[in-house]
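The values are calculated or read from the model by the stated rules, or taken from the named source; none is laboratory data. Note that this is a predicted model, so its numbers are computed, not measured. Note that each Cβ is placed from the backbone with ideal geometry, even for glycine, and that neighbours are counted across all protein chains shown.
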Amino acid sequence: MTAVGNGSPLVVRHVNAPDGALGWARRNREELRAAVTEHGAVLVRGLELGDPETFAEVARALADELMPEREGFAHRDESPGPVYSSASWDDDQTMCMHHELSYAREFPAVLVLGCLTAPEQGGCTAVADSGAVVDALPAAVVDRLETEGWLLTRTYGGTVGLPWTEAFGTSSREEVEQYCREGGIAYEWRGDELRTRQRRPALIRHPLTGRRSWFNQIAFLSEWSLDPDVREYLVSVLGPDGLAFNTAWGNGEPFTADLIQVINEAYVRATRREPWQTGDLLVVDNIRMAHNREAFEGDRRILLALADPVRARIPETAPGI
């Protein structure tokens, strides 16, 4: 393997895998995992992943454990593994930086992504170092969020957003209620809709390095990160409290548009990117690195495996609905 640092995630170039992608993954697992810990994200170029079955085998070889997604925010197609397609999102819209499932009671420490078809233009899965984001934000903002956390409100089963059956992977209301109770999530049924509120830490300590990490989806799930025309339409139709998701300070005070802009600008300054090539494998430390999906043209097929689940520190139940 030859490691090439180029201002993007570390690119590991591999050109000779006589025993295929799975054999390479098994032989290089420890070295690759160590590089991810050191650099935050590693792109392996030159493997022939080819199909979902091969990618799933590679992901299982690299992970200690694969986990299913719960509390997802957008539809995914499931493949073997469990392995998922990238989240459904308009091709011409960039998905904001976020840490996968940073609001859930159990989240992946590692993301494994594979490119089966690279887009003609754009479509990077860019990453941003959470430590650099913390350093770029006003100290008063960081201190307050570290003290009181952030609040996420969601509506499942409305005009926009996932139905609760898909997000929680069950058609049983009792199972959803049990999940919410165990995860410190306040919930309310409104006919076929489920509304939830949950308070979560905005910063955590990395379990391996001890580094303080900005770990949340404050900006991504905020109304102020929506396209202005889309936001105006949704608020007019659903009302300010009817959006599929929104975020606030831990005490429920709304975030301002200016603050969300400051956070998104901090992500931009910390962003590193490398265009996808068909066959690429990207392994990301989900705690240290936020990631996004940039707008693209042409076919794009990226698969995702959620690896090495971590049980979150759950604060007291969020204020009731």
Task: Search result, residues across segment 246-260 that are in contact with a Phe, Trp or Tyr (Cβ under 7 Å, 6 or more places away or on another chain) and more than 11 Å from LEU151 (Cβ to Cβ) - done: ALA257, ILE260
TODO: Taking only segment 155-178 into account, find how many residues are crowded, with 19+ Cβ neighbours inside 10 Å and modelled with pLDDT of 95 or more.
DONE: 1
TODO: Could you list all residues from segment 164-189 that are closer than 12 Å to GLU71 by Cα and touching a strand residue (DSSP E or B) at 6+ places or on another chain (Cβ under 6 Å)?
DONE: TRP164, ALA167, CYS180, ILE185
Task: Any chance LEU113 is touching a residue at least 40 places away in the same chain (Cβ under 8 Å), assigned to a strand (DSSP E or B) and either under 20 Å from GLU274 (Cβ atoms) or not polar (S, T, N, Q) (or both) - done: yes
Task: Complete set of residues in segment 75-101 that are in a loop (DSSP other than H, G, I, E, B), in contact (Cβ under 8 Å) with a residue 24 or more places away in the chain and touching a strand residue (DSSP E or B) at 6+ places or on another chain (Cβ under 7 Å) - done: ARG76, GLY81, PRO82, SER86, TRP89, ASP91, THR94, HIS99, GLU100, LEU101
Task: Matching residues, segment 265-317, being at pLDDT below 95 and at positive phi - done: GLY279, GLY298
